[in-house]
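What follows is one structure encoded as structure tokens, with my remarks underneath.
The values are calculated or read from the model by the stated rules, or taken from the named source; none is laboratory data. All values reported here derive from a predicted model rather than from experimental measurement. Every residue, glycine as well, gets a Cβ built from its backbone with ideal geometry; the counts of neighbours run over all protein chains shown.
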Amino acid sequence: MKKDDIQKIPVVDSPHNDAFEAIVELYYQILGYITSSGKWFWVWESGKKQRGYQDIDVLAIGKDDMVIVSVTSCLDDKFRFNKENKPRDDMLKKLESHFDRIEKYLSEVPEYQWLTKKNVKRVVAYANPFGTCSQRINDLLKKHSIELVSAEEMLHKIEKYIKNKNIKIQNQMLRTIQVVKQKNEI
């Protein structure tokens, strides 16, 4: 086994241990995507003597595209500017390599290779920007083909979706939100 090897077998989804990841997955489902989440796979990282593990937070598969979503509660954990107000290149490289490893994993597993033939989008979904300048980060990440999606944007779409009284909702989380919203409107 070489250090650049990556796992070449498919894995099952893990249960959600992060509520925000479940919301992100729900958001993509109401947009019409089939989703998968919590896929753990092993990778060799340079400078390390043993393999490490990485997970795919959310994978959203559409007709023509596949969205790889890295989910974070705080945008500062993924990217920020330094004290001189310049982009942190080390964080940008780490974020890009995170997405690169996921794409490599998907392309190495025969059962997933069809996914990489789609238009691949890279997204960071965040719950709270905390003190960061999310618009400035958004502009910089777009130059590196990474999009930002905020919890505010996702929750707005989810709320709009559940207001449609003509749909029958089977998803437990979505149904709970619908019931709470209806109760608050009475």
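Please go through (1) assigned to a strand (DSSP E or B); (2) closer than 30 Å to residue 136 by Cβ; (3) touching a residue at least 40 places away in the same chain (Cβ under 8 Å) for residue 41 and return the number of the only condition it doesn't satisfy.
So the condition that residue 41 fails would be (2).
Does residue 96 satisfy being touching a residue at least 12 places away in the same chain (Cβ under 8 Å), among the acidic types (Asp, Glu) and farther than 27 Å from residue 152 by Cα?
No, not satisfied.
Please indicate, with yes or no, whether at least one residue in region 63-82 is modelled with pLDDT of 95 or more and of a type in the set (Phe, Trp, Tyr).
The answer is no; no qualifying residue exists.
Suppose we keep only residues that are part of a strand (DSSP E or B) and at pLDDT 85 or above within region 1-38. Which one would you say is surrounded by the most Cβ atoms within 10 Å (Cβ to Cβ)?
37
For region 170-184, state whether one or more residues are closer than 25 Å to residue 26 by Cα, at pLDDT 90 or above and not in a loop (DSSP other than H, G, I, E, B).
Within region 170-184 (the criterion being closer than 25 Å to residue 26 by Cα, at pLDDT 90 or above and not in a loop (DSSP other than H, G, I, E, B)), the answer is no, since none of the residues qualifies.
Take the residues of region 69-90 that are in a helix (DSSP H, G or I) and in contact (Cβ under 8 Å) with a residue 40 or more places away in the chain: which is nearest to residue 142 (Cα to Cα)?
75
Give the residues of region 75-93 that are under 15 Å from the mean Cα position of the chain (by Cα) and not aromatic (Phe, Trp, Tyr), sorted by residue number.
Within region 75-93, 75, 77, 78 meet the criteria.
Need pairs with beta-carbon distance below 8 Å; first residue more than 12 Å from residue 55 (Cα to Cα) and touching a residue at least 60 places away in the same chain (Cβ under 8 Å) and within region 8-21, second part of a loop (DSSP other than H, G, I, E, B) and hydroxyl-bearing (Ser, Thr, Tyr); sequence gap 6+ or separate chains.
So the pair list comes out as 10/112.
Within region 97-151, restricting attention to residues that are of a type in the set (Phe, Trp, Tyr) and under 20 Å from residue 87 (Cβ atoms), which residue is surrounded by the fewest Cβ atoms within 10 Å (Cβ to Cβ)?
By that ranking, first place goes to 130.
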